[in-house]
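What follows is a short report on a single structure.
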Amino acid sequence: MIKGKSLVSIDDFSKEEILRIIELAADFEANPNQPLLRDKVIASLFFEPSTRTRLSFETAINRLGARVIGFSDVNATSTTKGETLKDTIIMVSNYADLIVMRHPLEGAARYASEQSRVPIVNAGDGANQHPSQTLLDMFSIKKTQGHLDNLEIAMVGDLKYGRTVHSLLMAMSYFNPKFYFVAPDELKMPQEYKTFLDEKGIYYEEHRDMQEVLGKADILYMTRVQKERFSDLIEYERVKNTYVLHNAMLEGTKDNMRILHPLPRVNEISTDVDSNPKAYYFKQAENGVYTRMAIIASILGVK
Amino acid sequence: MEQHKELKVSAIKNGTVIDHIPSQNLFKVISLLGLENSGNQITFGMNLESGKLGKKAIIKVADREFSDDEINKIALVAPQAKLNTIRDYEVVEKRTVSIPDEVKGYVRCFNPKCITNHEKIVTRFFVVSKQPLELKCRYCEKVTTEQHLVIE
Ligand SMILES: [Zn+2]
């Protein structure tokens, strides 16, 4: 039962609930204007700016026919006057039927869910969780592959700090995947996630060079390799071009292979890839709207 | 031998003796049990010789017994602690401490970006591992280890 639940971490949802959201997202894609929430008010509280995520959520809310209140810039709110998160959430939860929130501090959404009278949807809490991203990634994988089971998934780039890859790994673990982790030594997949996979008996390999795995992947999940993540800048200069995907590298990859990226990209996917039919990242972003419609509609119990 | 050590801290008629506390954590134990504000007669000794711990500390609290919940709070800082309940100068019960499955309210999350370090929030951790100690924050989901353990 998703109705009335907060979505703070991806593991708040069971396998069945994840599948239900994916199914509903497909339904909203086929028929995007379903004003099921005409009598609802939804708060969109962005304690730090994230235009991309905010627009995606607010589009979803509008397509569902609900009205939006909130803020996109914390400087315009009383939080800058020292109001606590607790007070803001208690107040807003008396006005709205559901709260979508993004906050720079980790754990803010879980704490808000304990204070709020209405469900919270976490749109990112610092480096911790961003579950709607994971669900839209899974919807994208399902759409491009036809199913979620037994897929070979290559994750490339910053696997140490990239919260999207960690959440995706956890959620995909329900579906018997094979993982190929491709990262520079400084940004390897943290041990806790490898231990998690070991305990679940899920296969993975670690690589430094993506050429070694491109031919095997059904999904190529690219992430940004940011300079500021490196303690050793010489190492950054040495590896930075290793984690850039060019169109020529896609020769010999599987026909069903699709390239995903949480966006925004900087230079890790060369623009010559954009016109390749295997490039899926812009469509993936569009899928975010349908996924968020599915999340909100099921939490408010209209689907 | 044990008899001789006991004499370093005066005997009590009724109450609790908490032994085998690591010396460096004596004041943390006192604070976790809320003994600073207690009206009971309390005596303690520290830097006593102990084979196991190097230097150990001992606390005697007169006319006071502790519930398991109270006493398990000290398990994080004194995992080897032994409690003797004393009635009429006799040890009537011996207890050890055990780390609970959830730790609430007295450990700080080591993550500076955790919401609990920015607002007045009672911390909560799931104990992922007791040995070595690993506490997963309910809020930021990061793991605080023994090395970074700060008791408030
Ligand atoms: Zn924390």
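Read the figures in this text as sums done on the coordinates, not as results from a lab. What you see is a predicted model; the values in this text were computed from it and never measured. Cβ sites come from the backbone with ideal geometry, for glycine too, and all protein chains shown count toward neighbours.
Could you work out the relative contact order of the range B:15-96? I mean the mean sequence separation of Cα pairs under 8 Å and 6+ apart, divided by the number of residues, in percent.
That works out to 41 percent.
Hand me the GluC sites (Glu not before Pro) from the range A:245-303 located in a DSSP loop with no more than 10 other Cβ atoms within 10 Å, in residue order please.
Filter output for the range A:245-303: A:Glu251.
Straight-line reach from A:Lys227: which lysines have Cα under 22 Å away, leaving out those fewer than 8 places along the same chain?
A:Lys227 reaches A:Lys160, A:Lys188, A:Lys240, B:Lys113.
Relative contact order of chain A, please, whole-number percent, based on alpha carbon pairs below 8 angstrom and at least 6 residues apart.
Details: 562 pairs, mean separation 65.5, N = 303.
With pairs under 8 Å counted, the relative contact order is 22 percent.
Quick one: if you take sqrt(5λ) for each eigenvalue of the C-alpha gyration tensor of the range B:102-151, what semi-axes come out, biggest first, whole angstrom?
17, 10, 9
If you look at just the Cα atoms of the protein assembly as shown, how large are its Rg and its Dmax in Å?
27.1, 87
Per residue and in Å³, how big is the convex hull formed by the alpha-carbon atoms of chain B?
Spread over its residues, the Cα hull of chain B gives 110 Å³ apiece.
Could you derive backbone 3J(HN,Hα) for the range A:187-200 from the dihedral phi with the Karplus parameters 6.51, -1.76 and 1.60 (θ = phi - 60°), listing whole Hz in sequence and x where the residue is Gly or Pro?
10, 5, 4, x, 4, 4, 6, 5, 4, 4, 5, 4, 5, 8
Could you tell me which residue out of A:Leu7, A:Ile141, A:Ala279 lies farthest along the dipole of the protein assembly as shown toward its positive end? Charges go on the beta carbon: Lys and Arg +1, Asp and Glu -1, centred on the Cα centre.
Value: A:Leu7.
With each pseudo-label sitting 7 Å past Cα toward Cβ, what's the B:Ser10-A:Gln211 distance in nm, one decimal?
For the pair B:Ser10/A:Gln211, the computed spacing is 8.2 nm.
Going by average Cβ neighbours within 10 Å, how do the peptides A:114-122, A:98-106 rank, with the highest at the top?
Details: A:114-122: 20.6, A:98-106: 24.8.
Descending packing order for the listed peptides: A:98-106, A:114-122.
To the nearest 20 debye, what charge dipole does chain A have about its Cα centre, counting +1 at the Cβ of each Lys and Arg and -1 at the Cβ of each Asp and Glu?
880 debye
From largest to smallest, what semi-axes in whole angstrom does the range A:22-155 give when each is the square root of 5 times an eigenvalue of its alpha carbon gyration tensor? Show your work: numbers first, answer last.
Numbers: eigenvalues 162, 72, 30 Å².
Equivalent ellipsoid of the range A:22-155: 28, 19, 12 Å, largest first.
Restricted to Cα positions, what overall size does the range A:180-267 have along the principal axes? Three whole-Å values, descending.
Dimensions of the range A:180-267 along the principal axes of its Cα atoms: 36, 34, 23 Å.
For A:Lys240 paired with A:Glu192, estimate the spin-label separation in nm (one decimal), with each label point 7 Å from Cα along the Cα-to-Cβ line.
3.0 nm
Rounded to whole Å, give me the distance from the Cα center of the range A:162-204 to that of the range A:125-155.
When both Cα centres are located, 13 Å separates them.
Counting Lys and Arg as +1 and Asp and Glu as -1, each charge on the Cβ, what is the dipole of the range B:15-96 about the Cα centre in debye, to the nearest 20?
Computed about the Cα centre, the dipole is about 360 debye.
Compute the signed sum of charges (Lys and Arg +1, Asp and Glu -1) over the other residues within less than 14 Å, Cβ to Cβ, of A:Leu151.
Once all neighbours under 14 Å are counted, the net charge is +2.
Relative to the longest principal axis of chain A, what angle (0 to 90°, nearest 10) does the C-alpha long axis of helix A:51-63 take?
It is inclined by approximately 50 degrees.
Could you work out, for the range B:69-152, what percent of all Cα-Cα pairs fall into each 5 Å distance bin, beginning at 0 Å and stopping at the bin that holds the largest distance?
Spelled out bin by bin, the range B:69-152 gives 3, 14, 24, 21, 13, 9, 6, 5, 3, 1, 0 percent.
Per q in 0.09, 0.14 Å⁻¹, report the Debye log10 I(q)/I(0) for the range A:118-231, using one uniform scatterer on each alpha carbon and no solvent.
Rounded to two decimals, the profile gives -0.23, -0.57.
Would you mind giving the three semi-axes, in whole Å and largest first, of the ellipsoid equivalent to the range B:15-96 according to its Cα gyration tensor?
The equivalent ellipsoid of the range B:15-96 has semi-axes of 18, 14, 13 Å.
Would you work out the charge dipole size for the range B:102-151 about its Cα centre, treating the Cβ of every Lys and Arg as +1 and the Cβ of every Asp and Glu as -1, and quote it to the nearest 20 debye?
Roughly 120 debye for the range B:102-151.
What whole-number volume per residue, in cubic angstrom, does the convex hull of the C-alpha atoms of the range A:243-303 give?
102 Å³
How far is helix A:281-299 tilted off the main Cα axis of chain A, in degrees rounded to 10, range 0 to 90?
Computed tilt is about 40 degrees.
Please report the antiparallel percentage of DSSP beta bridges with both residues in the protein assembly as shown, rounded to the nearest 5.
50 percent
Relative contact order for the range A:131-285 using alpha-carbon pairs under 8 Å, separation at least 6, rounded to a whole percent?
Relative contact order here is 24 percent.
Suppose the chain between B:Ser67 and B:Gln80 were pulled fully straight at 0.36 nm per residue; how much longer would it get relative to their current alpha carbon spacing?
That works out to 3.0 nm of additional length.
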